[in-house]
Amino acid sequence: MTHSLSASPATLILTARGIRSFGDGLISLVLPVYLVELGYGALATGMIATATLLGSAMLTLLAGASTGRAPVKTLLSGAAVLMTLTGMGFATIGDFWPLVLIAFVGTLNPSSGDVSVFLPLEQAELAGVVSTRDRTRQFARYSFIGSVMAAVGALAAGLPERATDFFDIEPKFGLQGAFLVYAGLGLTVLTIYRGLPVTMDQGSSRQGPLLGQSRPIVLGLAALFSLDAFAGGFVVQSLLALWLFEKFDLSLATAGLIFFWTGVLSAFSYFIAARVADRFGLLNTMVFTHLPANVCLVLTAFAPSLGTAVALLLLRSALSQMDVPTRTSYVMSIVPKDERPAAASVTAVPRSLAAAVSPMLSGALLAISTFGWPLIFAGGLKIAYDLLLLILYRKKPLIEDI
């Protein structure tokens with residue numbers, strides 16, 4: 001019985017992650033098209049993306065501070081309810097500022113990666129149910145499921161377009177249907193979280209600071225991760241898709257197919273990352289896969305044709321996400337067990353805050369020109385992050401809590 005309880009949380013969390021990621025992949029491509037259909041442009045898309053990321057950061061901060069007081073099961077269930085309300089709000093409201101407010105307080109994710117309030121809560125729990133030796137592989141599975149299902153969601157983004165043609169209805173109605181699907185996924189996730197056993201609760205009597213001995217290194221990493229996230233905000237999936245729509249006049253279905261394959265490549269790279277990390281170390285894997293990916297991103301801005309741009313984006317996707325499971329495992333390997341939820345939040349919240357600033361800047365750049373300035377800014381800043389990470393932390397030893 002004990003074994004089944006210890007295995008059950010991981011299975012439920014991975015299942016919920018997959019369902020949520022499908023919704024994220026779907027909406028990240030539908031969102032810019034829907035906003036254009038409502039009469040809003042690139043700047044509006046950037047503002048919505050900024051609101052979603054800023055709101056996610058606030059929720060993540062609150063969740064991290066509450067992990068010692070409220071059960072994680074309760075926090076995750078509340079986030080699932082918010083996910084449902086977010087989908088319903090976007091499906092029924094068309095005015096811009098109410099949409100900005102819903103984006104801020106809701107769970108919408110304009111990125112191909114997971115930047116939501118769910119993330120640090122799930123990560124801390126997964127770290128607690130696996131051994132130190134298997135931690136990187138477990139996070140690789142977690143990332144793999146998320147990336148694959150986000151890719152499938154991106155592929156499904158073409159369905160509203162087909163539904164519009166088949167039923168001969170206004171394009172807006174088909175896109176609204178996608179947000180209703182997102183709301184339904186929130187209810188499904190809520191059901192899964194409600195099935196979590198009592199052992200998932202992390203309400204405790206722990207006193208003292210959320211971070212103790214790990215504070216200096218966690219804060220230092222949080223600062224660097226924030227630089228990376230700020231750069232990534234220029235090319236969140238919604239805005240990268242918008243650039244492709246405007247630059248190469250793509251359909252939603254074609255964009256969905258492109259992002260499906262970028263997601264699949266990212267997904268399989270997670271398992272390769274775990275093997276590479278075993279041989280070359282977590283930090284080396286993070287840096288030396290990320291650097292060439294960012295060079296590809298800069299070169300994409302100068303691509304003379306859609307084929308060249310897609311090839312560079314595919315190559316980037318095969319490399320750029322290999323730092324995700326290794327980065328998470330690195331953070332979890334340097335803090336004691338009781339500091340993991342706080343460490344996950346402390347590194348996640350600044351990332352979300354930093355990433356929240358740049359989408360609006362990216363939207364403004366795209367409103368001025370279809371040239372890929374956001375890609376150049378993103379790639380250049382990410383290269384700087386890689387070099388700083390290598391220089392500052394290359395000789396830092398890992399501190400494992402066995």
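Structural remarks
- For the stretch 289-346, residues that are acidic (Asp, Glu) and either closer than 26 Å to VAL276 by Cβ or under 17 Å from the mean Cα position of the chain (by Cα) (or both) total 1.
- Close pairs (6 angstrom Cβ cut-off, 6 or more residues apart or separate chains): β-branched (Val, Ile, Thr) in the stretch 125-144, outside any loop (DSSP other than H, G, I, E, B) and modelled with pLDDT under 70 anywhere: VAL129/SER6
- The selection criterion, being under 29 Å from GLY363 (Cβ atoms) and in a loop (DSSP other than H, G, I, E, B), does not hold for LEU257.
- From the list GLY212, GLY208, GLY174, the one residue that fits, being over 30 Å from ILE391 (Cβ atoms), at pLDDT below 90 and assigned to a loop (DSSP other than H, G, I, E, B), is GLY208.
- Just so you know, in the stretch 226-257 the residues that are surrounded by 23 or more Cβ atoms within 10 Å (Cβ to Cβ) and of a type in the set (Phe, Trp, Tyr) include one that is nearest to LEU387 (Cα to Cα), and it is PHE230.
- Residues of the stretch 142-171 classified as farther than 29 Å from ILE13 by Cβ and at pLDDT below 85, total: 11
- Only residues that are of a type in the set (D, E, K, R), farther than 17 Å from GLY233 by Cα and crowded, with 22+ Cβ neighbours inside 10 Å were counted across the stretch 270-322, and they come to 0.
The values are calculated or read from the model by the stated rules, or taken from the named source; none is laboratory data. Here the structure is a predicted model, which means the values were calculated and not measured. For neighbour counting, all protein chains shown are included, and Cβ atoms are generated from backbone atoms with ideal geometry for every residue, glycine included.
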